[in-house]
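Report on the structure given below.
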Amino acid sequence: MSFSRIMSAALQGMEVIPVQVEADVNNGLPVFHMVGYLSAEVREAGERVRTAIHNSGFLMPAKKIVINLSPGNVRKRGASYDLPVALSILTAMGELDGGRLRGVLAAGELGLDGSIRGIHGILPIADAAKKEGAACLIVPAANEAEARLVEGLPVLGAENLEMLCRKLREAGSIGSVQKWKREDAALQEGRQEDFADIKGQQAVKRAAEVAVAGHHNLLMVGPPGCGKSMIARRIPSILPSMTREESFQITKVYSVAGMLRQDHPLITRRPFREVHQTVTKTALLGGGLWPKPGEISLASGGVLFLDELAEFQRAVTEVLRQPLEERTVRITRNRGTYEYPADVMLVAAMNPCPCGYFPDYNRCRCTPFQIQQYQGKISQPFLGRMDICVEVSSVRYEDLSGSGREESSETIRKRIEQARERQIERYKGKNVLFNSELGGTQVEKYCELGRQEERMMRQAFERLNLTARTYHKVLKTARTIADLEGEEQIRMEHLQEALIYRNVKI
């Protein structure tokens, strides 16, 4: 047999595109030629593959070898095609049975000694392989645990090409199916920080609870040392547990970014990504010559925390506006458009002025111009994306020295889970999970106000100079507060609390 074909895959953002690797070995001038819209690293595969085959004990014939990676209009990059190219050549040479590789998908990088090295993005490739009905997925041994997260897909992991060929020649089925067990994949992590550790700040804790319950963005404004960062870092402890599907989707992003552990690849806790003020737009949103997920995508399903918000470059914070609305990052390049998830809860903290103590004139020495210039670093359109804004005051001595027991994260999380269950039940079949995701017509339906509440909302709209966006955010926040109280109707006290969260002067 001089011709063979095996399946592989190309990653474009989070999208997986099937790729056919074809090999033809025939008489002619001894050349090794690869075609199919290839990047430089894929073209270099020829030298890696020939040397790996030779060092695995096979004799490369002095013939014309042509490799085609189709479709030809999809750019191929990375070293993941080394393994399928080698297998297709060995099949065309007659070293392997082509029938055994029918319906098999392979991906992996080869070393010159024939070793098979791990690659990024195996999990989305494995998921796509199952959906396409692949008979088996052949991967590097380093990626085997990751590939087996896809239930019902036969997986064969190999450390080197010689061992893989020996397995493919053996009788019986290729690969094996291993049922995933949560206790086997759960990460061994230490104790999470608890809200019980924070003394006082009841109003801010309440705002954080409301924000998590409805998946709202949260901004905390207050002087240095009042506990803004402490509260933000404890928000993961009150986030509801992830479902199997949520865990799988988040793990996909980390797989593409190459940030999974080999021993425990599944992400079992919601992400918390704290970003430094020096972050660039590319690092925050994702991108580069060959786009990769940014911090906002790595935080998808969890929390993205921006501490000292006013210290970020304005151009950096402005690029977050579209992803926060659409819950998706789109990166456009000449070679195509890459999409990554951005379903984050944004938590930000900032000081009210350069010294941090405004409006305490006993401690603040900033001029009105300095305060205005400092607060002006954050644009109003960006602030309009923040559902809840809360002032954080300095902690009193009585709170720190008191012996009273603070509410634990577990207690708060139980209330949040009950509120989220109400939302899931209410929006069943509506492509909406949380109150923060409601569209304009949905807000009118699910956030209906009574006469008194309508009158108050009209007055607040005029006095607080609300925009259409902030008007809807107030109603959605009030809807979440009502859910926390177990009420189906938004009442006056719910609306009053939601309006307080829009009355922060910055």
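Given +1 at the Cβ of Lys and Arg, -1 at the Cβ of Asp and Glu and no other charges, the dipole of the chain around its Cα centre is 840 debye to the nearest 20. Using the Cβ of GLN442 as centre and a radius below 12 Å, the other residues enclosed give a net charge of +2, where K and R count +1 and D and E count -1.
Take the Cβ atoms of SER408 and GLU44, set R0 to 60 Å, and the FRET efficiency comes out at 0.60. Helix 45-55 and the long axis of the chain differ in direction by around 60°, with both axes built from C-alpha atoms.
Would you please classify the overall shape of region 195-429 from the alpha carbon gyration tensor, given that a ≥ b ≥ c denote the square roots of the eigenvalues, rounded means a/c under 1.5, and beyond that prolate means a/b larger than b/c while oblate covers the rest? It comes out oblate by the Cα gyration axes. Think of the chain as a dipole: +1 on every Lys or Arg Cβ, -1 on every Asp or Glu Cβ, centred on the Cα centre; then among GLY301, LEU284, ALA40, ALA40 lies furthest on the positive end. Measure out, as a whole number of angstrom, how far apart the alpha-carbon centroids of region 283-346 and region 456-484 sit. What the calculation gives is 27 Å, centre to centre. For GLU170 and VAL279, the difference between the fully extended length at 0.36 nm per residue and the C-alpha to C-alpha distance is 34.0 nm. Taking 0.36 nm per residue of sequence separation and removing the Cα-Cα distance, the THR51/LEU29 pair yields an extension gain of 6.0 nm. For ARG314 and ASN465, the difference between the fully extended length at 0.36 nm per residue and the C-alpha to C-alpha distance is 52.0 nm. Derived scalar couplings between HN and Hα for region 362-373 equal 6, 10, 7, 10, 7, 7, x, 5, 5, 5, 5, 5 Hz in order, rounded to whole Hz, by the Karplus curve 6.51 cos²θ - 1.76 cosθ + 1.60 (θ = phi - 60°), x for Gly and Pro. What the Cβ-Cβ distance of PHE3 and ASP263 gives, at R0 = 35 Å and to the nearest 0.05, is a FRET efficiency of 0.30. Computing percent of Cα pairs over 45 Å apart for the structure here picks out one of (i) 15; (ii) 48; (iii) 28, namely (iii).
The GluC sites (Glu not before Pro) of region 420-468 that meet both conditions, a loop assignment by DSSP and at most 15 other Cβ atoms within 10 Å of the site Cβ, are GLU448.
A simple spin-label model places the labels of ILE17 and GLU151 3.2 nm from each other, with each point 7 Å out along Cα-to-Cβ.
Taken together, the values in this text are just the output of simple stated rules run on the coordinates, not laboratory data. Owing to the predicted nature of the structure, the values given are computational and were not obtained by experimental measurement. Cβ atoms come from the backbone with ideal geometry, glycine included; neighbour counts cover every protein chain shown.
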